[in-house]
Amino acid sequence: MWDSHCHLTIEPAASHSEQILKLSREKAIQLSVCAVELDDYISLKKIKMAYPENIYHIGLHPWAIKEETNVVEATKLIVEELSYFDGVGEVGLDFLKSKSTKDKQIAFLEELLSKLKTSSKPVVYH
């Protein structure tokens, strides 16, 4: 059994992540854990070491993109850290919360996908 999409680094799941991981292991449920913020990769690396049976993705959720987000630096971090992860995600476009970052979201996604052209790792889209 799979949980195809979860965010263990943000609330309400973050405060229960250890319980969730232990229970999923007991019940033989494999998780696909996606990053939300760029800094999530630090936590996800630690979680992956303790629970390697799951799938872990490094990314930047569209809602986490701000006007001040440096698209080139964000992409560079993801590409540099990708070897520690099973794929990229969660990334994509979402203008539901705010249309003010629409151009930034598009620029980030285009930059990231252009850098991932030679990668064989999957991308989890929002």
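Just a few scattered comments:
- Computed over the chain: relative contact order in percent, which uses C-alpha pairs under 8 Å that are six or more apart: 23
- Per residue accessible area of the chain, 1.4 Å probe, in Å²: 57
- Rounded to the nearest 500, the 222 nm mean residue ellipticity of the chain from helices alone is -11000 deg cm²/dmol, with -39,500 (n - 2.57) taken per DSSP H run of at least 4 residues.
- Percent carbon-and-sulfur accessible area, the chain, ignoring ligands, DNA and RNA, probe 1.4 Å: 56
- Per residue, the convex hull around the alpha carbon atoms of the chain comes to 101 Å³.
- Applying the criteria of a DSSP loop state and at most 16 other Cβ atoms within 10 Å to the trypsin sites (Lys or Arg not before Pro) of the range 77-126 yields LYS97, LYS99, LYS117.
- Database remark: amide H of HIS5 closer than 5 angstrom to the amide H of SER32 (H placed geometrically; neighbours at sequence offset of 5 or more, or on other chains; Pro and chain starts carry no H).
- The long axis of helix 40-50 is offset from the longest Cα principal axis of the chain by roughly 20 degrees.
- For the chain: lysine pairs under 22 Å (alpha-carbon distance), excluding those fewer than 8 apart on one chain: 26
The values are calculated or read from the model by the stated rules, or taken from the named source; none is laboratory data. Bear in mind the structure is a predicted one, so any value in this text is a computation, not a measurement. Every residue, glycine among them, receives a Cβ derived from its backbone with ideal geometry; neighbour counts consider all protein chains shown. When the accessible area is computed, the model is the full protein with side chains, heavy atoms only, and any ligands, DNA or RNA have been set aside. Shrake-Rupley method; radii C 1.70, N 1.55, O 1.52, S 1.80 Å.
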